[in-house]
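Shown next, in structure tokens, is the structure this report addresses.
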2 protein chains.
Amino acid sequence: MPQNLPGLDPALAERFAAIVGLRHALRAEGDIEPYVHEPRGLFTGASSLVLRPANVEEVSAIMRLATETGTPIVPQGGNTGLVGGQVPDRSGGQIVLSLSRLNRIREIDPVSNTVIAEAGVVLDVLHKAADEVDRLYPLSLASQGSCQIGGNLSSNAGGTGVVAYGNARELCLGVEVVLPTGEVLDDLRKLKKDNTGYDLKNLFVGAEGTLGVITAAVLKLYPKPKGREVAWVGLASPEAALALFDRAQDMAGSALTAFELIGHRPMEFAMRHIPDARPPLEGDWPWQVLMEISSGRSAEDARALIEDILSAGFEAEQVGDAAIAASVAHANEFWRLREMLPETQKVEGASIKHDISVPIASIPAFIAQGAVAVASVCPEARVVCFGHMGDGNLHYNVSQPVGMAADAFLALYRDMNKAVHDVVRAMNGSISAEHGIGQLKRDELIATAPPIAIELMRRVKAAFDPAGIMNPGKTI
Amino acid sequence: MPQNLPGLDPALAERFAAIVGLRHALRAEGDIEPYVHEPRGLFTGASSLVLRPANVEEVSAIMRLATETGTPIVPQGGNTGLVGGQVPDRSGGQIVLSLSRLNRIREIDPVSNTVIAEAGVVLDVLHKAADEVDRLYPLSLASQGSCQIGGNLSSNAGGTGVVAYGNARELCLGVEVVLPTGEVLDDLRKLKKDNTGYDLKNLFVGAEGTLGVITAAVLKLYPKPKGREVAWVGLASPEAALALFDRAQDMAGSALTAFELIGHRPMEFAMRHIPDARPPLEGDWPWQVLMEISSGRSAEDARALIEDILSAGFEAEQVGDAAIAASVAHANEFWRLREMLPETQKVEGASIKHDISVPIASIPAFIAQGAVAVASVCPEARVVCFGHMGDGNLHYNVSQPVGMAADAFLALYRDMNKAVHDVVRAMNGSISAEHGIGQLKRDELIATAPPIAIELMRRVKAAFDPAGIMNPGKTI
């Protein structure tokens, strides 16, 4: 059936299929199905062809033919993106280019602390490869079992380790990119410093596949911490959390490897919906923080450091209560609780989500003003606020009121987005801190970003992809 | 006299001068003189007009008029760049745009750990402003008493703190840029995470004023270390230094704030030419390292950490001898010695310099093969090797043979560059790790970089500066 979609000429499909071989050119509807939906079900596209090339040469041949024939190409990694950047439109004329088979780790260099990984390497596979040479690749995402390096870079992924190690952009030293014409830009250099001309790498990183296809990258590795401690902290207010963050960063520097803020309601949902969930703390704290310390020196050092930070926090009356995980299993339990927050929110019905960032000092004000904005749109809506406080990045999600029809609540989507994002904009914040623009936020970006920024982005797009075949309809 | 240069029409000069006021439009030869030479004397340009605008509006008006009249503009900061990027050509038709009067610190936010500084703020002034709010701005350069923030960013400056804090690019969260048309891109956001479209910021950073004029930036601040220790270490080989670096980074993480490698000959020159110089170590070590540890915890912690690293290094026979500075004055003496190396080299006659980087693991091989390359061009030439080992970045300078005529040695400039850079390229390294391209390395970049990279950079240039008025003849 998909072959009958108006968009892609069957003879042309044959030419593309021949590049990768019939086995790796998916054309049956059931085979294509997993590539045209995204995980939240917000965007469903259509395609009559999914190509799964084996190597850079095949990607290059595909792009050459795409340029020759004006065929739009949608690059896709692990298909875990949350803004619809990786799924085709509904026309059926866009080809999905899956990078999954480019999954080699080409080189790992523990002395230079670098690894060269192909786009299709799954994040967890890279974690394990680094671990085997006693190194750490610190990008840490909920989807790490299926997301891929190429997608991580194309979306400039964030996650929980950004506070110490930076986001995907900062972990990348060089890229290999197949351009729309099929030409290959080889910038796979293992260099910490290189001031030779314009920074092309950072254009491709975060471009959501709209400028070229990232096929491989040089990524930074780090020494593996010798000690790790995780604490769960109860606090009275976001102000107290901010003061504790400031103190922890001051004392621990880059040994502070996570600082996650969690509001009262997501904890309530978690306790309600996780079977056998144990609250990490006694008492009912309005705000909680998961704090992780990783020491390069020793296990004892990590322990002493987290205790010193918490003691100082108690003395300054920033910390209300705290529990340090007693074992690795206990620490993993803390992390699992944090990572299940989005899932437990699902059970409570429809939600409208925001992935925002503001200057760190503005986090308490944002939380206060955000609540007012939400109430102005839907007074009984339930704010579910948690996120990467150390990066000024909150997942400011809003669950439907109890008893309201999901549809009625979702009808408020645009109004709710606008109300929350207006607060963000007034604080000079970002409406997409880590998830990107994709299809979900494209219209809003274009409508609200400074016109000159949009104009410059369009010029970049036209300079790199004059035919407009790279992931059309995304980002810009 | 400069008014008689063919390039700039006097009536047009009047229109530009009127924008900034007569006092700030320099037209007398003596006034212009300091703006048309660069510090090493490699490039001398000419100009009949230096404009010193007071604010963004004046910069904007200048660029608007420049676009209208096709007048080339050369932005300039502290004029400390080493590759001729900031000086005009010899035509006399290029206007120098000095950003020195845009020297306000617009805001400093110790909670968000950010500062908004205008382009003309001198680096040391920023250091002091950060210090006053108990914060650190970690960019550290030999020229910090005169170099300016705008120049630091336009050249993506490096220096001694990069190993812990990154280069100028990594310290910058947002920029304000006046485009060639006079339009102002305001991207002064204090955000650690922002995934809303293409990364324009990183195009302007490192573009050497060829895409627009950076007028202000949001920069990262860090907690001020509570303890600092500096050690001078004697080692047998670059391999030993590499092993010690690996160990130090493993144990200290981001508390390792400097790791500078120094060869035998620069130390010899320093001892010969610094009055009353005291060698930090007894004995004659072929390689030496200046290592700095900064602790966010306490002075005692910094001391314990550096001792632990050195003890472990001794045990593993990586460290031959080491002296920990006994006081702040002693530590400053170590640093002064390191920073005087370029100056003491000058006394030894003509030199041919290289600012290279290679993957860190390749540093020992580069040092071995570099010596062979140098000898192949000039057997008696004296290699002066020192630099930021932790970044894979060496200042691989070559002093003339004793007794050779300076001119005869400098006649080997191109051959020497080629021989050394061929070694760099074979190791997939960079011929400009931190100084940039400017005029000095433009031809070599264009001749040796992958053609597709040059092509993409040219498209970026054409997209941002279609009239070609921004710092023509530089970078690309």
Take the residues in region A:422-476 that are outside any loop (DSSP other than H, G, I, E, B) and more than 11 Å from chain B (Cβ to nearest Cβ); name whichever of them is most open to solvent (accessible area, probe 1.4 Å). A:D443
Of the residues in region A:295-316, those that are without any contact (Cβ under 8 Å) to a residue 24 or more places away in the chain and within 11 Å of another protein chain (Cβ to nearest Cβ) come to A:A304
Within region A:87-96, residues open to solvent by 20 Å² or more (accessible area, probe 1.4 Å) and touching a residue at least 60 places away in the same chain (Cβ under 8 Å) come out as A:D89, A:S91
Select from region A:301-316 the residues that are acidic (D, E) and either within 15 Å of A:V289 (Cβ to Cβ) or open to solvent by less than 40 Å² (accessible area, probe 1.4 Å) (or both) and list them in ascending order. A:D301
When region A:258-276 is examined, which residues are found to be within 17 Å of A:V230 (Cα to Cα) and in contact with a Lys or Arg (Cβ under 8 Å, 6 or more places away or on another chain)? A:E260, A:I262
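Scan region B:199-222 residue by residue and report those that are of a type in the set (F, W, Y) and either open to solvent by 10 Å² or more (accessible area, probe 1.4 Å) or touching a residue at least 60 places away in the same chain (Cβ under 8 Å) (or both).
Passing the criteria: only B:Y222.
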Out of region B:374-387, which residues are out of contact with any Leu (no Cβ under 7 Å at 6 or more places or on another chain) and open to solvent by less than 10 Å² (accessible area, probe 1.4 Å)? B:V374, B:V384
Please go through region B:299-345 and give me each residue that is in contact with a Leu (Cβ under 7 Å, 6 or more places away or on another chain) and either more than 24 Å from B:C385 (Cβ to Cβ) or of a type in the set (D, E) (or both), ordered by number. B:D321
Every pair of residues 6+ apart whose Cβ atoms lie under 6 Å, when the first sits in region A:321-338 and is within 11 Å of A:V289 (Cβ to Cβ) while the second is part of a helix (DSSP H, G or I): A:A322/A:L310
Matching residues in region A:44-79 - criterion: being of a type in the set (V, I, T) and open to solvent by less than 40 Å² (accessible area, probe 1.4 Å): A:V50, A:V56, A:V59, A:I62, A:T71, A:I73, A:V74
Note on region A:339-373: residues open to solvent by 20 Å² or more (accessible area, probe 1.4 Å), within 22 Å of the chain's Cα centre (by Cα) and small (G, A, S) are A:S351
Condition (residue is over 25 Å from B:S399 (Cα atoms) and at pLDDT below 95) applied to region B:254-263: is it met by at least one residue? yes
What do you reckon, is A:G81 outside the structural domain of A:I356 (by TED's automatic domain parsing) and more than 26 Å from A:P466 (Cβ to Cβ)? no
Requiring at least 3 residues that are under 26 Å from A:Q439 (Cα atoms), the helices (runs of 4 or more DSSP H) wholly within region A:1-80 are A:29-36, A:56-69
Looking only at region A:392-404, count how many residues are over 13 Å from A:S351 (Cβ atoms) and open to solvent by less than 60 Å² (accessible area, probe 1.4 Å). 3
Kindly establish whether A:I274 is open to solvent by less than 30 Å² (accessible area, probe 1.4 Å) and within 30 Å of the chain's Cα centre (by Cα). yes
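Among the residues in region A:225-239, are any within 12 Å of chain B (Cβ to nearest Cβ), in contact (Cβ under 8 Å) with a residue 40 or more places away in the chain and either part of a loop (DSSP other than H, G, I, E, B) or within 29 Å of B:E444 (Cβ to Cβ) (or both)?
Yes, region A:225-239 contains a residue that is within 12 Å of chain B (Cβ to nearest Cβ), in contact (Cβ under 8 Å) with a residue 40 or more places away in the chain and either part of a loop (DSSP other than H, G, I, E, B) or within 29 Å of B:E444 (Cβ to Cβ) (or both).
The values are calculated or read from the model by the stated rules, or taken from the named source; none is laboratory data. All figures in this text were calculated on a predicted structure; none of them were measured in a lab. Glycine gets a Cβ as well: all are built from the backbone with ideal geometry, and neighbour counts include every protein chain shown. Note: areas computed on protein heavy atoms with side chains; ligands, DNA, RNA excluded. Shrake-Rupley method; radii C 1.70, N 1.55, O 1.52, S 1.80 Å.
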